[in-house]
1. For residue 49 and residue 97, FRET efficiency with R0 = 45 Å and r from the beta-carbon atoms, rounded to 0.05?
2. Would you kindly derive the ³J(HN,Hα) couplings of segment 42-50 from the backbone phi angles with the Karplus curve 6.51 cos²θ - 1.76 cosθ + 1.60 (θ = phi - 60°), listing them in order in whole Hz, with x for Gly and Pro?
3. Express the accessible area of the chain per residue in Å², computed with a 1.4 Å probe while the remaining protein chains stay in the model.
4. Within the accessible area of the chain, what % is carbon and sulfur when the probe is 1.4 Å and the other protein chains stay in place?
5. What is the helix-to-structure angle for 119-137, meaning the angle in degrees between its Cα long axis and the longest Cα principal axis of the chain, kept from 0 to 90 and rounded to the nearest 10?
6. Give me the distance in nm between label points sitting 7 Å out from Cα along the Cα-to-Cβ direction at residue 90 and residue 181, one decimal.
7. Angle between the Cα long axis of helix 73-83 and the longest principal axis of the chain, 0 to 90 degrees, nearest 10?
8. As I understand it, the value is the acute angle between the Cα axis of helix 21-32 and the longest principal axis of the Cα atoms of the chain; what does it come to in degrees, rounded to 10?
Amino acid sequence: MVVEVCVKAAVGAPDVLGDCPFSQRVLLTLEEKKVTYKKHLINVSDKPKWFLEVNPEGKVPVINFGEKWIPDSDVIVGIIEEKYPNPSLIAPPEFASVGSKIFPTFVSFLKSKDSSDSTEQALLDELKALEEHLKAHGPYVNGQNVCSVDMSLAPKLYHLEVALGHFKKWSVPGSLSHVRNYMKLLFERESFQKTKAEEKYVIAGWAPKV
C-alpha cells in the first residue's frame, strides 16, 4: 500500500512545494511518523483533470491510503494517527486548543491597513497565552516530545514569521522568549526542513491578500 498525498504547488512554480500550511501539517505528520508516501504537487490555479475527478471539491490536502481520496487536514491527521500509532502524536484533550486562535488573528493583523486598530494586540494576546503555556509545559506544547498540536502550529507560525516580517517588518517580541525558542525548535526539525515552502513562495502566496 502506497500512501499518496496531494498538496499545493508553489505559486508560479508548479514543480515546487507550495505554501499551504494545512498541506504542510499533513506532510509533517507523515514525516514525524516515518511513513513512506508519494507526493503530488497540485497547481491550484490550473488543477489537473484527474485530480478534480477524484476530488471534485478541488481542495488540498487530500490523502489516499489505497481506497479513496480523503480531504480535510483535521480528518487526515486523525486517520494517520490511527493507522500509524507510533510514535504517538496524540495531544492531551486539555491541550488540543492551545494556540488555535493564532492563525486567524495573524491573518487579521496582516490584512489590516489601520495601525491603530486592535489586530496587533489581538495577535499579541494569543502569543502571550502560548508563552504562558510553554513556560509551564514546554518546550513543546506537550512537554519534551512533539504532538499533533505542534504539527498544526508549526506551519502557521512559519507563515506568521515570514509574512509579517516581509509585509509589516514585524517579528515576535523578544519578551516572548518561550515562543521564540519554540519556533526555533520546530523550524529546525528535520521534518520541517523537508516540508516547508521557500520563504519567497510564502510571500507570493500572501501578496494578493495583503
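The values are calculated or read from the model by the stated rules, or taken from the named source; none is laboratory data. None of these values were measured; they are calculated from a predicted model. Cβ placement follows ideal geometry from the backbone for every residue including glycine, while neighbour counts extend to all protein chains displayed. Areas reflect the complete protein model, heavy atoms only, side chains present, ligands, DNA and RNA absent. Shrake-Rupley method; radii C 1.70, N 1.55, O 1.52, S 1.80 Å.
1. Details: r = 39 Å, r/R0 = 0.87.
Plugging the Cβ-Cβ distance into 1/(1 + (r/R0)^6) gives 0.70.
2. 9, 6, 6, 8, 8, 5, x, 4, 4
3. Working: 10580 Å² over 210 residues.
Ligands and nucleic acids excluded, the result is 50 Å² per residue.
4. Working: 5410 of 10580 Å².
Carbon and sulfur atoms account for 51 percent of the accessible area of the chain.
5. Helix 119-137 sits roughly 80 degrees off the main axis of the chain.
6. It is 2.9 nm.
7. 60 degrees
8. Between helix and principal axis, roughly 70 degrees.
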